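Take a look at the structure below.
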Amino acid sequence: MLESLLALGGLVLLRDSVEWEGRSLLKALIKKSALCGEQVHILGCEVSEEEFREGFDSNINSRLVYHDLFRDPLNWSETGETLPGGPLEALRALCRRTDPGPVTIALDSLSWLLLHLPCTTLCQTLHTLSHQDSCHGDSSPGEQVHVLGLLHEELHGPGPLGVLSSLAQTEVTLSGAMGQASAHILYRRPQQRLTHQMDPTTHLTFNLRLSKKEREAKDSLTLPFQFSSEKQQALLCPGLGQATSHIFYEPDAYDDLDQEDPDDDLDV
Amino acid sequence: MAAAASCSTSTRSTGSVVVAASRNSVTSFQRRGPRASGTDSGCSRLVSIAGTRPSVRNGQLLVSTGLPALDQLLGGGLAVGTVLLIEEDKYNIYSPLLFKYFLAEGIVTGHTLLVASAKEDPADILQELPAPLLDDNCKKECDEDICNHKTESNIKMKIAWRYQLLPKMEARPVSSSRFGHYYDVSKRIPQELIEASKWHGFFLPEKISSTLNLEPCSLNHGYIKLLQFIQNIIYEEGFDGSNPQKKQKNILRIGIQNLGSPLWGDDICWTENCDSNHSLTKFLYMLRGLLRSSLSACIITVPTHLIQNKAIIARVTNLSDTVVGLESFIGSEKETNPLYKDYHGLIHIRQIPQLNNLIYDVSDVKDLAFKLKRKLFTIEKPRCCYNLQNRTRLCGLIRV
């Protein structure tokens, strides 16, 4: 299931609620991406760094790049650890990132960002972030950007939820019954783009190509209706003596050929 | 045999006379010479621009929306100078298709295009347009054998030598003067057609720098930039008649995607009461003013299912001329309804404009369904199982 969630690039929206929390799913996706060798950036806003890194073993922990907005979001202590400009600047810095290769950006959580940033700016930044691959020219599907956003459903009205759903390529809603968690996944596949046409004659078990000798033999073969060039010319361009066939028709008394009444006048 | 033949011919001749008489009494339409198709007729009183035709009801100049079925439902086509608003379906699957049909029709008829979007680059949108089904389309793909034989046009054909003297099919992009074309959705439009066409693109993230130093004003900055862009194009290319040296008049087709979504910087999908409640309505009002004074037609898609304030939806509908709503069955309870099992959604014609008219044509077919087949997008009245019931009733009668 985790592979299918990460198969499409773009924004993956994880909607959770109080009963069914989604941070463990977010961490599982981060772990999967890190094990695949992708770069992972985490924007942590809701829980402390130690709490987030809990549960990851050391090799994964060393791959994660953590941007901490929990400890000092407004930069009051002025130690220079946090980026000036707050969360928006942190997101924009991620947009301007120019390292090649696939990358996963985890936003923990989108709800916190929604409450602190103007909504349209957040949407536009998310859109730029998740469509970074198109900015860097044609990229193969392996070079995608995955943006994982954790959203707490109960904190927002239908408006923000609807808008973020329409922006997301994949949406996972966590729910459950009787102690069993379940996930409802919605994929929005964009229209398939024809990247390049595969040559169908490769990888065949039979030979479709002609060697030089075979080609010569084929060219020298005379076909049944392939006349000599004189006869061809004679048939193509009829000379003075031959007339093209004509039909001479004289309508008799019983024929009614009305030239001004074509058939598409019929009221059928 | 002769008598019967004469009898039949005499009835036929009287029949044709009767038909001609009735026709003369109903219409004053006189056929003069060969049937005029599209705008080639010399008896047309209006300016003959490729891809347009006058409406039979009020003489308004119409352009095709790209879907002949939709043209018929809208009363012949979309009037030049008006706005076609498409209310998007919930998962935005079918409304981009109508958008692309409109743009593809513009390319095939040689109109100038203006594509505006905040989500996708207009160049990418143009690459994804459907391929037209033209009658004299020539195939570009040739296998290597034919390539070896036919390098010039006067090379002798080996097997098909009888066709040697026939004129070669022209490979240039065909501009068609017909009204309304059919498209194959499974294929992309050929690159030559896009390159031969004239288009302008407006991609919002490129036009607006993402700084927060913009004072809030009554109209959204994205909308202001878009209006200025449209106005510039209309003025520079003479669509409003301001450039008298223009020799050939043409239509400007404007397409704006996802208007009102937060990617354009608009708040209306977010909350019910927001500061920029009137941005979209002001934009539509100004856009319609620009369109009415120029030779252009516009298609806009709006995600009305996301707009929280119903009053705004009503205002947007009133400010547009033609409004078509799409409702897809995905995820709704109508998916399991046996009446709709062959179809993908419903299409609602919510509004048709009254242009230079006291009455307007209200279609008597209220419920229409659409279906996206592999190659074609069709609109039809959903066939109900009435026929099946009728048949069983008839069997019952015969048994008695």
query = Sequence-distant or interchain residues sharing an amide H contact under 5 Å with A:Asp108, placed H: which?
reply = A:Leu43, A:Cys45
request  = Quantify, in whole percent, the carbon and sulfur part of the accessible surface of the stretch B:245-299 (1.4 Å probe; protein heavy atoms only).
outcome  = 47 percent
request  = Give the residues of the stretch A:4-31 whose amide nitrogen is closer than 15 Å to a point set 7 Å from the Cα of A:Tyr187 in the direction of its Cβ.
outcome  = A:4-13
ask   = To the nearest 0.05, what FRET efficiency results for B:Ala314 and A:Glu46 with a Förster distance of 45 Å applied to their C-beta separation?
value = 0.70
message = Could you sort A:Asp108, A:Asp72 by their accessible area in this structure, using a 1.4 Å probe and putting the largest first?
response = A:Asp72, A:Asp108
request  = Using 0.36 nm per residue of separation minus the Cα-Cα distance, give me the extension gain between A:Glu230 and A:Glu78 in nm, one decimal.
outcome  = 45.1 nm
task = Kindly identify residues of the stretch B:290-320 having a loss of at least 50 Å² in accessible area between the isolated chain and the assembly of all protein chains, probe radius 1.4 Å.
result = B:Leu306
task = Between the chain alone and the structure with every protein chain in place, find the residues of the stretch B:252-280 that drop at least 40 Å² of accessible area; heavy atoms, 1.4 Å probe.
result = B:Pro262, B:Leu263, B:Trp270
ask   = What total accessible area, in Å², is buried where chains B and A meet, using a 1.4 Å probe and rounding to the nearest 100?
value = 3500 Å²
ask   = In what sequence, largest accessible area first, do B:Met157, A:Met1, B:Met286 appear using a 1.4 Å probe?
value = A:Met1, B:Met286, B:Met157
The stretch A:17-101 - Kirkwood radius from inverse mean 1/r over Cα pairs (Å) = 14.2 Å
remark   = Rounded to the angstrom and largest first, Cα extents along the principal axes for the stretch B:214-347 equal 60, 40, 22
ask   = Given labels modelled 7 Å from the Cα in the Cβ direction, how far is it in nm from B:Gln231 to B:Asn243?
value = 1.8 nm
For the stretch B:224-238, Karplus couplings with θ = phi - 60° (6.51, -1.76, 1.60), whole Hz, Gly/Pro x = 4, 4, 5, 5, 5, 4, 5, 5, 4, 5, 4, 6, 5, 9, x
task = Write down the Kirkwood hydrodynamic radius of the stretch B:270-360, to one decimal in angstroms, obtained as one divided by the mean of 1/r over all alpha carbon pairs.
result = 15.6 Å
query = Using modelled backbone amide H atoms (1.01 Å from N, in-plane), which distant-in-sequence or interchain residues come within less than 5 Å of B:Gly255's amide H?
reply = B:Leu114, B:Val115, B:Ala116, B:Ile299
Difference of contour (0.36 nm per residue) and Cα-Cα distance, B:Val56 to B:Leu165 = 34.8 nm
ask   = Roughly how many Å² of A:Thr79 are accessible to a 1.4 Å probe, to the nearest 10?
value = 90 Å²
ask   = For the residue pair B:Ala123 and B:Gln72, what label-to-label distance in nm results when each label sits 7 Å from Cα along the Cα-to-beta-carbon direction?
value = 4.0 nm
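The values are calculated or read from the model by the stated rules, or taken from the named source; none is laboratory data. Please read these numbers as outputs of a predicted model, since none were measured by experiment. When we count neighbours, we look across all protein chains shown, and the Cβ atoms used for this are built from the backbone with ideal geometry, even at glycine. For the accessible areas, the whole protein counts, side chains as well, though only heavy atoms, and no ligand, DNA or RNA atoms are used. Shrake-Rupley method; radii C 1.70, N 1.55, O 1.52, S 1.80 Å.
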